[in-house]
Amino acid sequence: MRNSSLHTFLTYSIAFVWFANGLYCKVLNLVPRHQKIVSVILGDQYAGVLTLLIGLAEIIMAIWILSGFKSRLNCIVQIIVIAMMNSLELLFVPHLLLWGPWNILYALIFILIIYSNEYHFSKNKGHVRIS
């Protein structure tokens with residue numbers, strides 16, 4: 001698979017992960033464990049609304065990824081968000097994670113895929129500026 005084809009495939013795959021997690025797991029609440037995680041970390045009173053807002057933000061992230069707008073900035077934002085979300089979950093609710101403490105490994109793999117897609121497989125590779 002050529003780099004441009006791999007980049008396209010990974011871009012759509014990464015966007016799908018954000019979209020699916022946002023819509024199905026949080027907005028439609030088809031995976032109630034996500035709202036429970038939000039409830040424990042941010043408080044029970046607004047867990048439903050906050051979970052919905054997080055889900056909408058994840059859907060917006062998917063759209064941003066597909067738009068290609070400022071892709072380097074998008075890559076950095078994704079990495080920071082994934083690292084922060086997974087660190088907080090590991091610290092506060094490891095018992096609610098799908099793979100327990102192994103979740104952090106999957107998060108790191110996803111981060112590596114996102115980084116590689118932008119900095120190694122993209123047409124922009126080698127550029128220093130955030131575009």
For the chain, with the dipole built from +1 on Lys and Arg beta-carbon atoms and -1 on Asp and Glu ones, taken about the Cα centre, which of S122, I82, P101 lies farthest toward the positive end?
S122
Charges at C-beta only: +1 for Lys and Arg, -1 for Asp and Glu. How large is the resulting dipole of the chain about its Cα centre, in Debye rounded to 20?
440 debye
Whole-Å semi-axes of the ellipsoid equivalent to the chain (Cα gyration tensor, √5λ, descending)
28, 15, 13
Helix 33-42 axis, angle to the chain major axis (alpha carbon atoms, nearest 10°)
80 degrees
A correct fewest-to-most ranking of C25, C75 by other Cβ atoms within 10 Å would be C25, C75
Could you list H120, H7 in order of exposure, starting from the residue whose Cβ has the fewest other Cβ atoms within 10 Å?
H120, H7
With 10 angstrom as the radius, rank V38, V49, V81 by how many other C-beta atoms surround their C-beta, starting from the fewest.
V49, V81, V38
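Every number here is computed from the coordinates shown, using simple stated rules; none is lab data. Not measured: the values here are computed from a predicted model. FYI the Cβ positions are ideal-geometry reconstructions off the backbone, even for glycines, and counts take in every protein chain you see.
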